[in-house]
Amino acid sequence: MTSVFDVRRALSIARKEMRHILRDPVTLAASLGMPVLFVVFFGFVIDLNVHGVGLLVADGDKTRTSRQLTELFSASGYFQVSSVDSAARAVTALSDERAKAALIINPELERDIRAGRPAAAQVLLDGADNAYAGTVAAYLAGIQDLAQSRFLGGRPPPARLRTRFLFNEELNSRWFVVPGVCVIVVGLIASLLTALTVAREWENGSMELLLSTPVRPLEIIFGKIAPYLALCLAGVGFVYALARLVFGVPFVGSHAVFLLATALFLAATMAQGLVISVVTRQQQIAFQVAINTGLLPVQLLSGFIFPVESMPAFFRYVTAIIPARWYMTITRGLFLKGPTLTMLAEPLAALTALTVFFVLLAWRKFKTDLEP
């Protein structure tokens, strides 16, 4: 009686698939070159820090103190300062989208400070883009602290809140974005590669020849996944080197845990691609399904852009079946926080469960197709 799984037959399928890959430069380029290309592109393009904010200054005081206040904004490096004659012109410029912020200085600013009275200076922000305005408002909090320290003559304010950022003290957005981009890009390419492989066999007519041999469905699945897993692991290695050397992203976790999590994530996404390939049997349809399921939903629900904790309860449950959601947590944690294996037990267990689920689902679909 033929066994359900034989390692030698699975390795034979893997060797056959590897020969296909080596004869296909497009697949090699997609596996090794595309992750590097996309991470370089999006790593430089996606920058959550805001620079060059156009700030119009309506200085009604025109004193040494008001000029020092304006210099604080200019010296911060975040604002491009220019002057206007009146507050009305500054507001008009904001309405016409010729500036993003305006600083309106009270004519009695210096006199009020010297007299010990509350001094007023107003900052107006364009709040149409709330993310942009929120970032600028965070910059204003730091400038306000500097202004209080300078203009109170060394006297401490009545109360001061000191904030310390852990793990990413500079709030460097690239340290946050680059690991996330790696997850999205590598996961998408891994799913695409395996989504096309079985469909290609059906379209070329070679699947019938393969099924006439003693090879079993589970052996085909592992034989198909293994070469692409090794290829994508090499691609992850290139991306890791790129993140460290080009973008300067630190890595403070365990490389062994990172390798384990990466292998589980790739296995889960590749098994998901195999499910698509087995069900569709057509490369064009498999490609479209893999793109539609592996790009936009993953970007929105993996925590890459929006925190999972802030989502409604229904969507938090939906994210549990997305491998990138768990790998995103692991990757960002290993790069920036250095969590222990115990701390990552939940996402690692989830990746393991998803890998088993998609492999069994692909196996079941294979058995249904082969043995109706």
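Residue by residue through segment 182-217, note down the ones that are part of a helix (DSSP H, G or I) and surrounded by fewer than 20 Cβ atoms within 10 Å (Cβ to Cβ).
Within segment 182-217, Arg200, Trp202, Glu203, Asn204, Ser206, Met207, Glu208, Leu209, Leu210, Leu211 qualify.
Rundown of residues vs (1) touching a strand residue (DSSP E or B) at 6+ places or on another chain (Cβ under 7 Å); (2) β-branched (Val, Ile, Thr); (3) surrounded by 18 or more Cβ atoms within 10 Å (Cβ to Cβ), yes/no style:
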{"site": "Ile105", "(1), (2), (3)": "yes, yes, yes"}
{"site": "Asp112", "(1), (2), (3)": "no, no, no"}
{"site": "Ala115", "(1), (2), (3)": "no, no, no"}
{"site": "Ala119", "(1), (2), (3)": "no, no, yes"}
{"site": "Gln122", "(1), (2), (3)": "yes, no, no"}
{"site": "Ala131", "(1), (2), (3)": "no, no, no"}
{"site": "Val136", "(1), (2), (3)": "yes, yes, yes"}
{"site": "Ala141", "(1), (2), (3)": "no, no, no"}
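With the condition kept exactly as written, say whether any residue in segment 2-10 is closer than 30 Å to Trp175 by Cβ, surrounded by 16 or more Cβ atoms within 10 Å (Cβ to Cβ) and touching a residue at least 40 places away in the same chain (Cβ under 8 Å).
The answer is no, given that none of the residues of segment 2-10 is closer than 30 Å to Trp175 by Cβ, surrounded by 16 or more Cβ atoms within 10 Å (Cβ to Cβ) and touching a residue at least 40 places away in the same chain (Cβ under 8 Å).
Scan segment 18-35 and give yes if some residue there is assigned by TED's automatic domain parsing to the domain that holds Leu218, within 30 Å of Val185 (Cα to Cα) and assigned to a loop (DSSP other than H, G, I, E, B), otherwise no.
Checked against the condition, which is being assigned by TED's automatic domain parsing to the domain that holds Leu218, within 30 Å of Val185 (Cα to Cα) and assigned to a loop (DSSP other than H, G, I, E, B), segment 18-35 yields at least one hit.
Please go through segment 243-280 and give me each residue that is of a type outside the set (Gly, Ala, Ser), surrounded by fewer than 23 Cβ atoms within 10 Å (Cβ to Cβ) and part of a helix (DSSP H, G or I), ordered by number.
Arg244, Leu245, His255, Val257, Phe258, Leu259, Leu260, Val279, Thr280
Identify all residues within segment 318-360 that are aromatic (Phe, Trp, Tyr) and either crowded, with 21+ Cβ neighbours inside 10 Å or not in a helix (DSSP H, G or I) (or both); write none if there are none.
Trp326, Tyr327, Phe335, Phe358
The values are calculated or read from the model by the stated rules, or taken from the named source; none is laboratory data. Here the structure is a predicted model, which means the values were calculated and not measured. Reconstructed Cβ throughout: ideal geometry from the backbone, glycine too, with neighbour counts over all protein chains shown.
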